[in-house]
1. It is to be established whether one or more residues within region 104-121 are out of contact with any helix residue (DSSP H, G or I) (no Cβ under 9 Å at 6 or more places or on another chain) and either among the polar types (S, T, N, Q) or exposed (fewer than 13 other Cβ atoms within 10 Å of the Cβ) (or both).
2. What number of residues in region 70-89 are part of a helix (DSSP H, G or I) and either surrounded by 15 or more Cβ atoms within 10 Å (Cβ to Cβ) or touching a residue at least 12 places away in the same chain (Cβ under 8 Å) (or both)?
3. With Leu237, Leu192, Leu218, Leu244 as the choices, which residue is within 15 Å of Ile130 (Cα to Cα) and buried (at least 18 other Cβ atoms within 10 Å of the Cβ)?
4. Just a yes or no: is a residue in region 121-134 among the hydrophobic types (A, V, I, L, M, F, W, C) and without any contact (Cβ under 8 Å) to a residue 40 or more places away in the chain?
5. Do you know which residues across region 160-189 are touching a Lys or Arg at 6+ places or on another chain (Cβ under 9 Å), surrounded by fewer than 20 Cβ atoms within 10 Å (Cβ to Cβ) and over 24 Å from Thr149 (Cα atoms)?
6. Run Pro106 past the list (1) within 23 Å of Arg141 (Cα to Cα); (2) at pLDDT below 85; (3) not basic (Lys, Arg) and report the number of the one that doesn't hold.
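The values are calculated or read from the model by the stated rules, or taken from the named source; none is laboratory data. Keep in mind the model is a prediction, meaning the values are calculated, not measured. For neighbour counting, all protein chains shown are included, and Cβ atoms are generated from backbone atoms with ideal geometry for every residue, glycine included.
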Amino acid sequence: MSFALRAGSQASGTDPRSRILRDPALLEDWELLSILLRTGSHKTDVYKLSQEILIHVGGLANFASFCQSTLPNIPGLGLAKKTTLLAISELASRIRRSDLLQTISPFPLCDLYNSLWLLTARETRECFYIITFSLEGLVRRVEKVATGTLTEVSIHKRDLAKVALDDSSGYCLIAHNHPQQTCLASIADFNLFAELRRFFAELEISCFDQWVLGIDGLYSCRHSQVLDCKNWSRDFLPEEYSFLTDNLS
């Protein structure tokens, strides 16, 4: 990945701060970042610093997965600028979740996976999530209900039930992460899914899967396999979950 600094971009009237007032869409990612960072350091100007940050994180798409423990160790990136980057990361993550909750497509699992990946990529401990859906398959809520240690997380059924019942859910999906580890489910994961599936069935809520997110992808406890999420589309329900449309209200 490379970023070319435009000639004269720091000149009066042609710098990013001036040009954004005319047409923000024409600015490159590093130019927008330079506006938010405002200044560089005594060794590096803000334009070069912005490019180095984007190169380090792998581009704008990975900004929402920023966390304090993975902030780049780049000269000139002090505490003030790190807090700015963390704020950008959190805003990007919240915007992604807000878009997910406003979608009118039933069971937007591709967007949901991307949102969960961004959330869990920042976590250094196991976290447990519940995602609720209406009877029509629309996302009602994405909520983290528990945070554990590096290797385990404890949950309470009453917490899950409250979320699902408060949302008048027809369906739910549960998910947790394996920080910096494989996504392959353990025996305990399978047992938990079976137990929670029965529990939600008593509440007349279909718990259709438990996802496990890891560094190597997404594992489905329902299908007992790693899912090929790279080929998922926002426009179509993944084939593995085509059964969800059979009984939509």
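1. Scanning region 104-121 turns up at least one residue that is out of contact with any helix residue (DSSP H, G or I) (no Cβ under 9 Å at 6 or more places or on another chain) and either among the polar types (S, T, N, Q) or exposed (fewer than 13 other Cβ atoms within 10 Å of the Cβ) (or both).
2. 8
3. Leu192
4. no
5. Scanning region 160-189 gives Asp166, Asp167, Ser168.
6. Going through the list (1) within 23 Å of Arg141 (Cα to Cα); (2) at pLDDT below 85; (3) not basic (Lys, Arg), Pro106 breaks only (2).
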